[in-house]
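Before any comments, here is the structure.
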Amino acid sequence: MTRDDEDIRGLLAGAVPPLAAPPDRVAEVGVRVRRHRRRMAGGAAAVALTVGLGIGLPALVAGPGRDDVIPLVTPGPRGDANCPTSLDGRPDLRFVRYGDDEPLVPTGAVEVTSCQVPVAGGPHPANRIGPRTLTTGVDEIVRLLNAQPPTQQDGRGRPLPDGQQMRCTLKATYEETVLVLRYPDRDPVTVWTDENCRVAVTATHGRGIDFGVIRTFLDRYRAQLVATTDPATVTTPACAATFPVQRMRKGSEDGPLDRIDFNNSDPYLALPTPLIEVTACRYEVRGETGELVGQQRRRAGADQLRAVLNQAVGRSAERSDCGDWPDYEEPTLFDTLTVADATGETAEFWIRHEPCRSVNFLHALTPELRDAMTDLLGQPPSR
Amino acid sequence: MTDRYPAPPEGFADFVAARSGALLRSAWLLTGDAGRAEDLLQTVLAAAWRRWPTVVAAGHPEAYLRRALFTTYVSWWRRRWRSEFPAAAPPDHSRPGDLARESADRDAVRRALARLSRQQRAIVVLRYVEDLSVERTAQVLGCSTNTVKVQSSRALRSLRTDPDLNLFTNREVVP
């Protein structure tokens, strides 16, 4: 082993973070074994039934053996995954049981639905997200929920001192996340999270929460969408013939719609999933209206734009200031770029060319994005 | 039999208690994610549970489990996570000012490993964490010794020249 090899070995050995083990790993594995056996039994029953149907269907239909038919599959999830519409039904955060050894939720869930429950007036209608249901990787979400810290943590992830009352920040939130877990053999379990108090509670139990579980849910949900979405069905909307200029004003409530962001877990990466199609539209402003002067839809090579856009609106993107009331300058020439990714969702990027260059109000137009737009729509005419 | 799961075969629980920590660390190095590492480990343990008497009779349960961990990672991961696309530049999850250096250093290694192919990553972990010879590594992964040598060399070259790990190394030598 050379010195270099030793260095690599030391680097790798020191790289592994402390890894939380489930309270009873043998039990977790045992649950998987049981589920595997049930699946195998269900599969065997299905094979037996198929063979039986093939050989003796007439007798089966007409004869007395019909009552002996074995169920085809194990039962699906029990109960409804109804999302709460308000926090009224949430247990009092102070009075559930924190800090015990019991898991927050039972293992064996087969489906998790994430619900965004409005707080006060809720988010802007364009930003409201419907229930999202995850059916793959559910075990991992259950495990993460049960691995949450036993009690409320402070903002740096440290437990509060013993005897300390529950402490909550007062950040204005428009919605809270609620997870509804469904099981084949028991009623659904609802987990309510509270962003300000940083806790997750069920009807009886509570834990601190670091919200990494929500990020994991979103990662898995995106992967599920990609796996279940046929790329041939993914498309971007056509360019509108006109575009109201007032929408381009900073602070407009009707800004660029980003549905990809709804399922995004990384605030610094706008487009985490490969792009399938992009549509670019160019508008020249006449009066209060932008009029369509050029358009281009592209599928081949669409994903090449992803890195360019991620850089243009990413964490290290340069800021742009195109002014605000009363110093706002109306745009005279701008493009919209709508991208659709492999999850089937779309996101808009608004690119001002004149009289001030910017992307989505806040960011400077990068040379790479300008080149990309020129490639799509031609050189913007200079004025 | 318990209420929720069948009784484990004899010796299985002791094995899990003694060796699952080491296997979990290897799983993390392969997957770069604590949740997936636990998922990978439990998948392999569940498979071993079902044929535990055979595993024990073969004489080297840990070697069996280790081999299963790596082969499952290389094959099952391809099937299960095929929807995820390796990026040329993996996203930087660290946030300015809110992570300790230790955590940032770990993240640098995680990102550097993410830039390797699955096979290269498995080879690096087997060779430099599990201390297996070239021949044993080839046996575990079901490839030739030449493949192990070539991919190992490429992986090490990639790690040595990785921009994040260079930063890591530089910071280490600054007093």
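The values are calculated or read from the model by the stated rules, or taken from the named source; none is laboratory data. What you see is a predicted model; the values in this text were computed from it and never measured. Please note: Cβ atoms are built from the backbone with ideal geometry, for glycine as well, and neighbour counts cover all protein chains shown.
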TODO: Could you tell me whether A:Ile70 is part of a loop (DSSP other than H, G, I, E, B) and modelled with pLDDT under 50?
DONE: yes
- [ ] Check the stretch A:81-103 and report whether any residue there is at pLDDT 85 or above and within 14 Å of chain B (Cβ to nearest Cβ).
- [x] yes
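Any idea which residue in the stretch B:41-72 is surrounded by the most Cβ atoms within 10 Å (Cβ to Cβ), counting only those that are under 13 Å from the mean Cα position of the chain (by Cα) and farther than 15 Å from B:Val16 by Cα?
Narrowing the stretch B:41-72 to residues under 13 Å from the mean Cα position of the chain (by Cα): B:41, B:44, B:65-72.
Filter once more, keeping what is farther than 15 Å from B:Val16 by Cα: B:67, B:70-72.
Details: B:Arg67: 18, B:Phe70: 28, B:Thr71: 15, B:Thr72: 18.
Top of the filtered list is B:Phe70.
When you check B:Arg79 against the structure, is it of a type in the set (Lys, Arg), at pLDDT below 60 and outside the structural domain of B:Val150 (by TED's automatic domain parsing), yes or no? Full working, then the answer.
Working: of a type in the set (Lys, Arg): yes; at pLDDT below 60: yes; outside the structural domain of B:Val150 (by TED's automatic domain parsing): yes.
Yes; evaluated as a whole, the condition is true for this residue.
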Open item on the list: Please pick out the residue among B:Leu126, B:Leu132 that is closer than 15 Å to A:Arg9 by Cα, free of Cβ contacts under 8 Å to residues at least 40 places away in the same chain and crowded, with 17+ Cβ neighbours inside 10 Å.
Closed with: B:Leu132
Task: Whichever residue in the stretch A:180-214 is of a type in the set (Ser, Thr, Tyr) and part of a loop (DSSP other than H, G, I, E, B) and, among such residues, is surrounded by the fewest Cβ atoms within 10 Å (Cβ to Cβ) - done: A:Thr204
Open item on the list: Residues that are within 23 Å of A:Arg128 (Cβ to Cβ) and of a type in the set (A, V, I, L, M): does the stretch A:311-329 have at least one?
Closed with: yes
Open item on the list: If A:Glu277 meets every condition in (1) among the acidic types (Asp, Glu); (2) out of contact with any Ser or Thr (no Cβ under 7 Å at 6 or more places or on another chain); (3) under 30 Å from A:Leu225 (Cβ atoms) apart from one, which number is that one?
Closed with: (2)
Task: Subset of the stretch A:208-243 (residues that are of a type in the set (A, V, I, L, M, F, W, C) and free of Cβ contacts under 8 Å to residues at least 24 places away in the same chain) - done: A:Phe211, A:Ala232
